[in-house]
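The values are calculated or read from the model by the stated rules, or taken from the named source; none is laboratory data. Remember, it's a predicted structure, so these values are computed and weren't measured experimentally. Methodologically, a virtual Cβ is constructed for each residue, glycine included, from the backbone with ideal geometry; neighbour enumeration extends over all protein chains shown. All accessible areas refer to the heavy atoms of the entire protein, side chains included, with ligands and DNA or RNA removed. Shrake-Rupley method; radii C 1.70, N 1.55, O 1.52, S 1.80 Å.
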Amino acid sequence: QVQLVESGGGLVQPGGSLRLSCVASGSIFSMYAMGWYRQAPGKQRELVATVTKDGRRNFADSVKGRFTISRDGAANTVYLQMNSLKPEDAAVYYCNACGATILCEYVYWGQGTQVTVSS
């Protein structure tokens, strides 16, 4: 069993920045991939960014050029750096771990952290 704990959410003005953290209970490199998803009220959960164990990254079109995903293996932590935030970025952000292979035979989720973008 893998536990994921997110932090770093909060209130930020449009154009501002936040960095989210996801601390895993074990090595993030034991997972096939780590990622961030988000869900706004009344909307489906959507992929934001992922990074595979070999360092391949993928981003949603809506955040390309604004968000980055990074890792600290020693700290078992994955980060999401969010810049130039827009009101439409407001959501609960969830950390995700995908285990085994690209098929994600095992999936783990954190409890989420709230990001609010407002003037």
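Here Ala74 fulfils each of the conditions (1) outside any strand (DSSP E or B); (2) farther than 19 Å from Gly55 by Cα apart from (2).
Against the conditions (1) out of contact with any strand residue (DSSP E or B) (no Cβ under 6 Å at 6 or more places or on another chain); (2) farther than 25 Å from Pro14 by Cβ, Lys86 satisfies every one except (2). Looking at the stretch 4-28, which of its residues are among the small types (Gly, Ala, Ser) and more than 16 Å from Ala90 (Cα to Cα)? Scanning the stretch 4-28 gives Ser21, Ala24, Ser25, Gly26, Ser27. Looking at Leu80, Leu85, just one residue is within 20 Å of Gly26 (Cβ to Cβ) and modelled with pLDDT of 95 or more, and that residue is Leu80.
Kindly provide the set of residues from the stretch 75-119 that are within 18 Å of Lys43 (Cβ to Cβ) and touching a helix residue (DSSP H, G or I) at 6+ places or on another chain (Cβ under 6 Å), ordered by number. Val117, the sole residue that qualifies.
For the stretch 86-107, a residue qualifies if it is not acidic (Asp, Glu) and not in a strand (DSSP E or B), and the qualifying residues are Lys86, Pro87, Ala90, Ala100, Thr101, Ile102, Leu103, Cys104.
Among the residues of the stretch 73-109, the ones that are within 12 Å of the chain's Cα centre (by Cα), touching a residue at least 60 places away in the same chain (Cβ under 8 Å) and under 11 Å from Gly35 (Cβ atoms) come to 7 in all. Could we say that Thr116 is farther than 17 Å from Pro14 by Cα and either part of a strand (DSSP E or B) or out of contact with any Ser or Thr (no Cβ under 8 Å at 6 or more places or on another chain) (or both) here? Considered against the rule, which asks whether it is farther than 17 Å from Pro14 by Cα and either part of a strand (DSSP E or B) or out of contact with any Ser or Thr (no Cβ under 8 Å at 6 or more places or on another chain) (or both), Thr116 comes out as no. Across the stretch 70-89, the number of residues qualifying as out of contact with any Cys (no Cβ under 7 Å at 6 or more places or on another chain), aliphatic (A, V, I, L, M) and open to solvent by less than 30 Å² (accessible area, probe 1.4 Å) comes to 3. Residues of the stretch 40-69 that are touching a residue at least 12 places away in the same chain (Cβ under 8 Å), open to solvent by less than 60 Å² (accessible area, probe 1.4 Å) and either outside any loop (DSSP other than H, G, I, E, B) or closer than 13 Å to Cys95 by Cβ (or both): Leu47, Val48, Ala49, Thr50, Val51, Thr52, Phe67, Ile69.
Candidates in the stretch 11-39 are the residues that are modelled with pLDDT of 95 or more and outside any strand (DSSP E or B); of these, the one that is surrounded by the most Cβ atoms within 10 Å (Cβ to Cβ) is Met31.
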